[in-house]
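Rule-based calculations on the coordinates, nothing more; no lab input. It should be emphasised that the depicted structure is a prediction, and the values quoted were computed from it without experimental measurement. Backbone-built Cβ (ideal geometry, glycine too); neighbour counts: all protein chains shown.
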């Protein structure tokens, strides 16, 4: 087979282009720090990298949901803790008033303090998480509890509902983060939502003002039931918060493992990349040198 100068030149350029291609590929790996910079570099690895990145993005969103849920739960639990303290103080005052030995003036003083406690309950009931009211169900933009004073008689109006606010904390898993109606003993009657907590406290004020020690004594059992209901709701919120904390830690561990796998798949091994680059660079220079010697002679070089 006859080897012409044209064939030599074509083979030389083809080999030189191949060497430059590999040099560019190694340079991109070193400069970018990534083993794959385009799908054509390694379709299988790129597919796995995209799958892992999608999973990590989903985990980050679920982590955000869990952190928001934990924050909401903690605020709700703390609010109910304050509510428990207020109710226990109200019960102590009720015990004093149920004794039947206090003067009218002393009973009036107890009534005034319970009235202040009712206003404090309203402040607690209208607590917010950010700009969202936490005890109003789906009605999170306005205070759910409004305390009114109609000619000296206290009344409460609830403007929320019994809806559950749910966060998706993992694929297909939703958690209710707001307290149930048990927190304030809410119930519906005649198309109106009422609160047993407020009703009992308002009745205590009225009985203390009228000196009805017997009626106050009969309300002590109701006070105990209300406090137990609040404690039960606090326990439920605490359990959910602990669950969220455990789930968040598990998610962070999974993200760490996925990140390690991702690093092994796409991050450049600089030591090996530099060695490969040096070898390819030497091959490229050798190809240029040998090609220049093969292609240099022409007929003119031998004419004297």
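Is there a residue in the range 50-63 that is over 31 Å from the mean Cα position of the chain (by Cα), loosely packed, with under 14 Cβ neighbours inside 10 Å and in a helix (DSSP H, G or I)?
The answer is no, given that none of the residues of the range 50-63 is over 31 Å from the mean Cα position of the chain (by Cα), loosely packed, with under 14 Cβ neighbours inside 10 Å and in a helix (DSSP H, G or I).
Residues of the range 236-267 being over 30 Å from residue 52 (Cα atoms) and out of contact with any helix residue (DSSP H, G or I) (no Cβ under 9 Å at 6 or more places or on another chain), which ones?
239
Before we move on, is residue 225 under 30 Å from residue 153 (Cβ atoms), without any contact (Cβ under 8 Å) to a residue 12 or more places away in the chain and part of a helix (DSSP H, G or I)?
yes
Being under 24 Å from residue 234 (Cβ atoms) and in contact (Cβ under 8 Å) with a residue 40 or more places away in the chain is the requirement here; does residue 163 meet it?
no
Checking residue 169 against (1) within 23 Å of residue 86 (Cβ to Cβ); (2) outside any helix (DSSP H, G or I); (3) touching a residue at least 24 places away in the same chain (Cβ under 8 Å): exactly one of these is not met. Which one?
That leaves (1) as the condition not met.
Here's a check for you: in the range 172-210, which residue that is in a loop (DSSP other than H, G, I, E, B) and in contact (Cβ under 8 Å) with a residue 12 or more places away in the chain is surrounded by the most Cβ atoms within 10 Å (Cβ to Cβ)?
Out of the qualifying residues, it is 184.
In contact with a strand residue (DSSP E or B) (Cβ under 6 Å, 6 or more places away or on another chain) and either assigned to a helix (DSSP H, G or I) or touching a residue at least 60 places away in the same chain (Cβ under 8 Å) (or both): is that true of residue 122 in this structure?
In short, yes.
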